[in-house]
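What follows draws every value from the coordinates through simple rules; no lab data is involved. Here the structure is a predicted model, which is why all the values come from computation and not from measurement. A quick note on method: Cβ atoms are made from the backbone with ideal geometry, for glycine too, and the neighbour counts reach across all protein chains shown.
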Amino acid sequence: MVAYRRVQRVSWPELNPAGGDDEMAWSSMSAAELETELARLLAETERAGQEVRVFWKVGPELVYAGCNDQFARDAGFERASDLIGKNDFDPEISWARQSAKYRRDDVEVVRSGRANLDIIERQDSPNGTIWLRTGKAAIRPGGQAAIGVLGMYEVIDQATAAKLARKQS
C-alpha cells in the first residue's frame, strides 16, 4: 500500500485530501492484507467519483490481479473480473502496440523499487487512441522484495499532454 499512497499523493492528491500517511502500517502487511486493502482503496476511488484508473499486476509474468471497472473498459473488457489473470501481451487487450513499453516500465519499477510518476503516454483503447498521465510504484508486502506493480492513470486531452511534456523537459 506504500505504492498506492505514493502514486496517489504525488499524482492525484485530491483522492487523499486529509494527506494521511498510512505507509508505516502498510509496510508490515501480508499479501492477503494488501489484497484486502487494495479492494478497499478501489472502492474509495470509485466513491470519490474520480476518473482515475487503478490496476495492479503481480508475479514474474506481471498478470493483472486487480483493477477498477474504468481500467477494464479501457482494456476492452466489460468488468474488472474479466481482466484478472491476463497480462499486457494478451491479444484481447486493446493496447497490444504498447505492451512491450508497459512491460519494460513495469519491470524497471519492480527491479529498482523506485516509483515512476507522471508518465505522459498514448494508449490504444476501444474508442481510439487516448493520452494518459500515469504513475506506477512497486508493491512490497511486509517490506520484502517487490512482487508486482501498482499503477494509476487518468485520461488527459492532447493539449494537456503536450503542456505536461513541456513542463517535464
* Candidate lysines - alpha carbon under 24 Å from residue 167, same-chain residues fewer than 8 apart omitted -> 101, 136
* Extending each Cα 7 Å along its Cβ direction at residue 107 and residue 92, get the distance between those two points in nm, one decimal. => 2.5 nm
* To do: Determine ³J(HN,Hα), in whole Hz, for all residues of region 88-95 in sequence, where each value follows from phi through the Karplus function 6.51 cos²θ - 1.76 cosθ + 1.60 and θ = phi - 60°; x replaces Gly and Pro.
  => 4, 8, 4, x, 6, 7, 5, 9
* To do: Multiply the residue gap between residue 84 and residue 100 by 0.36 nm, knock off their C-alpha separation, and tell me the result in nm, one decimal place.
  => 3.8 nm
* To do: Give me the net charge of residue 73's neighbourhood, meaning all other residues with Cβ under 11 Å from the Cβ of residue 73; Lys, Arg count +1, Asp, Glu -1.
  => -2
* Asked: If we sort 156-166, 52-62, 111-121 on the protection proxy, mean other Cβ atoms within 10 Å, highest first, what's the order?
  -> 52-62, 111-121, 156-166
* Asked: How long is the gain from residue 158 to residue 43 if the chain were fully straight, where each residue apart is worth 0.36 nm and the alpha carbon distance is subtracted?
  -> 38.5 nm
* To do: Mind checking which lysines have their Cα closer than 20 Å to the Cα of residue 163? Skip sequence neighbours fewer than 8 apart in that chain.
  => none
